[in-house]
Structure formats: structure tokens, C-alpha cells
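Heads up: the structure comes next, in C-alpha cells.
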Amino acid sequence: MAQPPIHTLSPVPIPEDLPQTAGATTAESPWPLRLLSAKIDEYISKMSRMWVEGEVTSIKRRPNAKVQYFQLADLQAQPQITITVKIWSHNLPSHISEGMHVVVLAKPDFWQGNGSFTLFADEIRERGLGDILARLAALKAKLAAEGLFSASRKRPLPFLPRRIGLICGRGTEAEKDVVVNSKLRWPDVTFEIRQVLVQGPSSVSAVIGALAELDADPCVDVIVLARGGGSPEDLLPFSDEALVRAVAAAHTPIVSAIGHEADNPLVDFVADVRASTPTDAARKIVPDVSEERRLIAADLQRGRQAMFHRLAFASADIAQLRQHPALAKPEQGIDARGEELSQLLAWGRTHITATLETQKRALASELTQLRTLSPLSTLKRGYSILRNADGDIINSVHETSNGARLQALMRDGQLSLKVEETSEGEIA
């Protein structure tokens, strides 16, 4: 096996005019930085190869390169410790990937040029699923069981937001990608931008604070979380449980645009819309004004064609209807109805006249009978009707008495009478 290019230095001599030990240096007699760097290199070069354990947090394979680099981290350390590891390409197994828990056989190496400390590994072995992936998998399962990733919770984005809330790093490409591409698509779009830390221990609280502030703004219709790509370690804040729950509790629709297509922090699963990149977020949050104009023009053309066809069909229907006899010669129908009306009128007059004559004769007959039975007829034949002072008719001598005043109704008037004497007996 080829050995890594680890140099072994001879003891670094110290000029006689300088302190011979680090503890003997003073402000008046310091060591030059080059001497300190050489001493550190001398010390580190004496260290033996050792097995070191950690998590692979970032690895980017370079095709055709002799040496590959990856980041090895101790996630249990506070603060977290991360060291760059170099390894020959043929010693790096193809299955080693970010998030794996590994052990490496490596020798410490110090580069005097920039004072960097690295490990040069001879061998790397997988120890199982890394702590990062294990914790994220457990948290993902927990949040999914609570329904935070359910599609029913996803809210649609507004077609054209009044104002877009953007949470991003200060002066980052992610901010530029979202803003520039959004304005290219819709020049009048406006942003409410919160530039915060998007990496490191304090980034979670910073993002949550910015999210709460934008969520409370009634003018903000959609909020975008944007960050460029990075190692899984760099993107860990966007898988933090507190941030994921804050996104789930927000009232404003959230777009997650974290990292690249292959990156999937947990905030992607709880956000209402996931964008593969910040540029993709711009395409999702605002429509393309040119495309909308094209669609409007196409819809207008289709509307005109549809109206033209409807008018053409209606004109054809009208022409066909005008050929119908009722419309071609409408007076024929009127004349026929007029003739029927004249016949009905003549029949009505005849029927009414006959009915009136019949009723007239019946009335005359009934009037003759009435006159025959009328008391007036009786009076005309020489009879009279006697009534007492109360107007009651006297039918018997027992209904009056001597001295009573009576009235006698005659055919041409009445007489006032006084009863002198009453006698009982039948009239012969």
C-alpha cells in the first residue's frame, strides 16, 4: 500500500538569540510565527497513526483526483469538532457517504503554509448508521406520526402574493437567486427580507424569530426559507425539531428552498411547498408575466373563436327559423285566428240572444203568476185588508174588540175605522 506523503522533520534548531523554550518567551523576546509553526509541525509529525471515530458530515468525490477529502465530525462534543481528512482515492470505499459513522486509521498532519491541521487516512471503515442520520430518522418518524407531514395540512400558495417574506443569510446567493429570479418573472413583486444566521448553533432561534415576525405581518402572503447548498452538518438547523414545529404552526404558507435537489432537511416535509433550489422557489411563488400574457392572449383568441362559432350557429338557426311558414308569412296565422274569432263572436251573440229571450219569457210567466197571487189583485176585485193599530192583519172577530181603531186597505187607498160592534158567525 502506498504511504501518504507525511513528512518527518529533523528537530528544528532555535537561534541562540531566541528563547530556547516556549515558556521562556517574553513580550520583548518573542518567537517568530515561522518558528512556532515549525515547532508545531515538529511535534505533530512525531505522533503515531491512530484509529479515530466520527461522523462523515461532508464528502465530495473529485473524479480522477489522486487524493479525496471529507469532513469528520464529533457531534457529541460541545462545541462540535470537525476536522478535514485526506485519503488516497483508491483507499476510499465507494459506499462511504455523508452521515455515516466511521472509524479511520490516520496520522495527524500540519501544514505550515496556512497553519491547518488535518488527518491523512490510510483506511476507513463503516461503523453503522451515523448519529446524524439516526437522530434525523427518529425525529422524522415522530413528526410524521403526529401528522405534521400530512398532505391535508398543505396550504396552496397565492397566485400573486402582495408581499413575499424571505428568510435567508446576509448577502447570500440564495437571497439573490430568489429576489432576482422573482423580479424577472414579475417585476412588480415586493419582498420583506429578514437576513439571519442560517448555519451554526444560534441559527435555529434566529430563523424562528424571523419566521414569527413575518408570519405576524398581515401584508406577507407567503414566506420563503432560502439557503444554498452545504454539507448535512451545515443544513442541520433546518432539521431542528423546534424550527420544524414553528413552520408547522405558521399561518402563512411556507416555501422551503434549502440546499440543492438532493438535500432533504425535515423542514422540506412540513413546508406547504418544497422548492429544489432558491431559483426554483422563485418559479413557484410568482407567475411569469410573459407566460401569463401569452396565456391571456391565447384565452382571448379562444374566446373570440368560440363567440364567432356561437354567432355563426345562431345566425344559421335564425335563417332556418325564418323559413318556417309562421315567420315567412305570419299574416296567414293572424287571418286564420281572425276568422275563428269572428265565428266565435257570431256564435256568442246568437247564443246570448237566444238565452236572453228564453229568460225573458220565463220571467214574464213568473211575473204573471206573481201578479195573480199578489194581494193587490185581491184588492182590485173589491176586497180589503184590515189591520190593527200595530199593523197586524185582522183575520178574526176575536182579534179585535168594540171601540178598536182599524185600518182598511183598499185597491186605491185606505180607510180609518172604529169597531162599533162585533158578531161571530160564518159569512154565507
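The values are calculated or read from the model by the stated rules, or taken from the named source; none is laboratory data. As the structure is a prediction and not an experimental result, all values here were calculated from the model. When we count neighbours, we look across all protein chains shown, and the Cβ atoms used for this are built from the backbone with ideal geometry, even at glycine. Areas reflect the complete protein model, heavy atoms only, side chains present, ligands, DNA and RNA absent. Shrake-Rupley method; radii C 1.70, N 1.55, O 1.52, S 1.80 Å.
Its Kirkwood hydrodynamic radius, worked out from the mean inverse distance over all distinct Cα pairs, puts the stretch 202-256 at 11.7 Å. Against the chain, whose longest principal axis comes from its Cα atoms, helix 33-45 is set at around 90 degrees. Note on Lys183: aspartates and glutamates with a C-alpha under 19 Å away, same-chain residues under 8 apart excluded, are Glu173, Glu175, Glu192, Asp221, Asp280, Asp288, Glu291, Glu292.
For the set Arg127, Arg310, the ranking by accessible area, highest first and with no ligand, DNA or RNA atoms included, is Arg310, Arg127 under a 1.4 Å probe. Note on Lys107: lysines with a C-alpha under 25 Å away, same-chain residues under 8 apart excluded, are Lys39, Lys46, Lys60, Lys66, Lys86. Computed over the chain, the per-residue total of -39500 (n - 2.57) for DSSP H runs of n ≥ 4 gives a 222 nm mean residue ellipticity of -12500 deg cm²/dmol, rounded to 500. Structural descriptor for the chain: relative contact order 9 percent, calculated from alpha carbon pairs under 8 angstrom and at least 6 residues apart.
Our summary of shape: the Cα atoms of the stretch 257-357 have principal axis extents of 108, 34, 18 Å, ordered from largest down, in whole angstrom. Most tightly packed first, judged by the mean number of other beta-carbon atoms within 10 Å of their residues, the peptides 112-122, 222-232, 53-63, 159-169 read 222-232, 159-169, 53-63, 112-122.
The C-alpha atoms of the chain define a longest principal axis, and helix 203-215 lies at about 20 degrees to it. The listed peptides 97-109, 193-205, ordered by packing as a protection proxy, come out as 97-109, 193-205 (highest mean of other Cβ atoms within 10 Å first).
Taking the 1.4 Å solvent-accessible surface of the stretch 251-364 as the whole, the part contributed by carbon and sulfur is 61%. Surface analysis of the chain yields an accessible area of 63 Å² per residue, using protein heavy atoms and a 1.4 Å probe. The accessible-area ordering, largest first, of the residues Tyr69, Tyr383, Tyr43 stands as Tyr43, Tyr383, Tyr69, per a 1.4 angstrom probe. When both bridge partners sit in the chain, DSSP labels roughly 65% of those beta bridges antiparallel. Label reach from Val289 (point 7 Å along Cα→C-beta): in the stretch 185-218, amide nitrogens under 12 Å belong to 185-190.
Note on the stretch 376-428: semi-axes of the ellipsoid equivalent to its C-alpha gyration tensor, largest first and rounded to whole Å, are 19, 15, 9. Counting only protein heavy atoms and using a 1.4 Å probe, the accessible area of Asp17 comes to about 120 Å².
Give the residues of the stretch 209-247 whose amide nitrogen is closer than 13 Å to a point set 7 Å from the Cα of Leu197 in the direction of its Cβ. In the stretch 209-247, the label zone of Leu197 (backbone N under 13 Å from the point 7 Å along Cα→Cβ) covers 209, 237. Per-residue surface analysis assigns Ile318 an accessible area of about 100 Å², computed on protein heavy atoms at 1.4 Å probe radius. For the stretch 139-286, the fraction of alpha-carbon pairs lying more than 24 Å apart is 22 percent, rounded to a whole number. Ignoring any ligand, DNA or RNA, what whole percent of the accessible area of the stretch 75-139 comes from carbon and sulfur when the probe is 1.4 angstrom? So the carbon and sulfur contribution to the accessible surface is 56 percent.
Counting only heavy atoms of the protein chains and using a 1.4 Å probe, Asp272 has close to 20 Å² of accessible surface. Within the set [x] 1.02; [y] 1.74; [z] 0.96, the number that Rg/Rh (Cα atoms, Kirkwood Rh) takes when calculated for this structure is listed as [y].
Rounded to the nearest 20 debye, what is the charge dipole size of the stretch 272-339 about its Cα centre when +1 sits on each Lys and Arg Cβ and -1 on each Asp and Glu Cβ?
220
Semi-axes of the equivalent ellipsoid for the stretch 215-306, computed as √(5λ) from the eigenvalues of its C-alpha gyration tensor and ordered from largest down, come to 34, 16, 10 Å.
State whether the stretch 134-206 is rounded, prolate or oblate according to the following rule on the C-alpha gyration tensor (a ≥ b ≥ c being the square roots of its eigenvalues): a/c under 1.5 gives rounded; otherwise a/b larger than b/c gives prolate, and the remaining case gives oblate. Oblate shape, in that a/c is at least 1.5 and b/c is the bigger or equal ratio.
Label positions at Ala316 and Glu366, each projected 7 Å from the Cα along the C-beta direction, are separated by 7.0 nm. Taking GluC sites (Glu not before Pro) across the stretch 127-231, the ones in a DSSP loop with at most 11 further Cβ atoms lying within 10 angstrom of their Cβ are Glu146.
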